[in-house]
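S.K.: Before we start, here is the structure in question, set down as structure tokens.
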Amino acid sequence: MSQAITFSAYGPPEVLRLTEVVPPEPGPGQVRVRVRAASVNPLDLKVRSGRMAAVAPARLPMVPGLDAAGVVDVVGEGADATVGDEVLGATVGGGYREHALLEHPVAKPAGVSWEVAASLVTVGRTAARVLDELDVRPGRTLLVHGAAGSVGVLAVQLAVARGLRVIGTVGEEDIERVTALGAVAVRYGDGWADRVGDVTLDGVDHVLDASGAGVLPGSVALTGAADRVVTIADLSAREHGVRFSAGGAGRTGDHLPELVRLVADGALALPIGTAYPLAQAARAHADLESRRHRGKAVLLP
């Protein structure tokens, strides 16, 4: 037997329970890993609470978790890995567990921590995918709402590396941190559009909304066209003619191997906030809902 976090009904963080489960067996192309770290993503909270039930109902009981990193202990037919390999990837059947299945595992470089490896998968793919969808080009100006969050931090770094001028809306406490990444940081909240206008003479070409803070109308006004705005967090996107981006790889394919290489080379950084024991998954969810962390939350089985 193996331990996992499960929930059998939608509700607050307290519905998450440490449970004994049968370790899963990998299918074709999959590997099973002994999990060393599992990422906690905002989507996990939405699924657990029932906020996603109308569009993607959970099969209960459910093990949450999109991403994990660990050591391969069983290899499925045709999987590109061997027992003992250190890998990361998207989970099949949830990542909040001692043994998880990964599909299309990517090798973890020795210099990349388990916490960063587990955390990079969804947020890294999301940041790269949205930049693809916006078709960003060198010399243009990109506005990132929620630039201090995990997706925002990666999007800022990737866009700066591609030669864009980046403006990020952040809280007062994150201005210096986001400025250090090469962006022009402005305070979010009332008047944000005026503050963005004050730091750009040529307007804004593209907007990535990772905040879901009701910024879509102002973002469309700044760019002059709804198709130059993409959100990953605001479910009212359609009302404003804005694309809601969800899914895996972008139009140029899966960026994960390249993102891992950039992290290993020190060219891309993903801040880690708090690491919790697996049994404290409920606390991790509560802290994330209360916005008590800066950086990525991870579970350590």
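The values are calculated or read from the model by the stated rules, or taken from the named source; none is laboratory data. All values reported here derive from a predicted model rather than from experimental measurement. Here Cβ is always computed from backbone atoms with ideal geometry, including for glycine, and neighbour counts include all displayed protein chains.
S.K.: Looking at (1) surrounded by 15 or more Cβ atoms within 10 Å (Cβ to Cβ); (2) assigned to a loop (DSSP other than H, G, I, E, B), which is the only condition D174 fails?
M.R.: So D174 meets the others, but not (2).
S.K.: Can you find a residue that is surrounded by fewer than 18 Cβ atoms within 10 Å (Cβ to Cβ) and in a helix (DSSP H, G or I) anywhere in the range 152-161?
M.R.: Within the range 152-161, one or more residues are surrounded by fewer than 18 Cβ atoms within 10 Å (Cβ to Cβ) and in a helix (DSSP H, G or I).
S.K.: Considering only residues that are modelled with pLDDT under 95 and either touching a helix residue (DSSP H, G or I) at 6+ places or on another chain (Cβ under 8 Å) or aliphatic (A, V, I, L, M) (or both), look in the range 275-291 and name the one that is farthest from V116 (Cα to Cα).
M.R.: Among them, the one singled out is E289.
This table checks each residue for (1) out of contact with any Phe, Trp or Tyr (no Cβ under 7 Å at 6 or more places or on another chain); (2) over 28 Å from H285 (Cα atoms); (3) assigned to a loop (DSSP other than H, G, I, E, B).
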| residue | (1), (2), (3) |
| --- | --- |
| G70 | yes, no, no |
| G78 | yes, yes, yes |
| T82 | yes, yes, yes |
| G95 | yes, no, yes |
| L101 | yes, no, no |
| A110 | yes, yes, yes |
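S.K.: While we're here: Report every pair of residues separated by at least 6 positions or lying on different chains whose Cβ atoms are under 7 Å apart, first residue within the range 92-107 and in the same structural domain as R17 (by TED's automatic domain parsing) and within 19 Å of R59 (Cα to Cα), second acidic (D, E) and surrounded by fewer than 22 Cβ atoms within 10 Å (Cβ to Cβ).
M.R.: Sorted first by the residue in the range 92-107, then by its partner, the pairs are V92/E103.
S.K.: Report, by residue number, each residue of the range 144-178 that is in contact with a Lys or Arg (Cβ under 6 Å, 6 or more places away or on another chain) and among the hydroxyl-bearing types (S, T, Y).
M.R.: Across the range 144-178, the qualifying residue is only S150.
S.K.: Run down V31, V63 and say which single residue is β-branched (V, I, T), at pLDDT 95 or above and surrounded by 21 or more Cβ atoms within 10 Å (Cβ to Cβ).
M.R.: V31
S.K.: Just checking: which of the helices (runs of 4 or more DSSP H) contained wholly in the range 205-301 hold 1 or more residues that are surrounded by 16 or more Cβ atoms within 10 Å (Cβ to Cβ) and outside the structural domain of V63 (by TED's automatic domain parsing)?
M.R.: 216-223, 256-264
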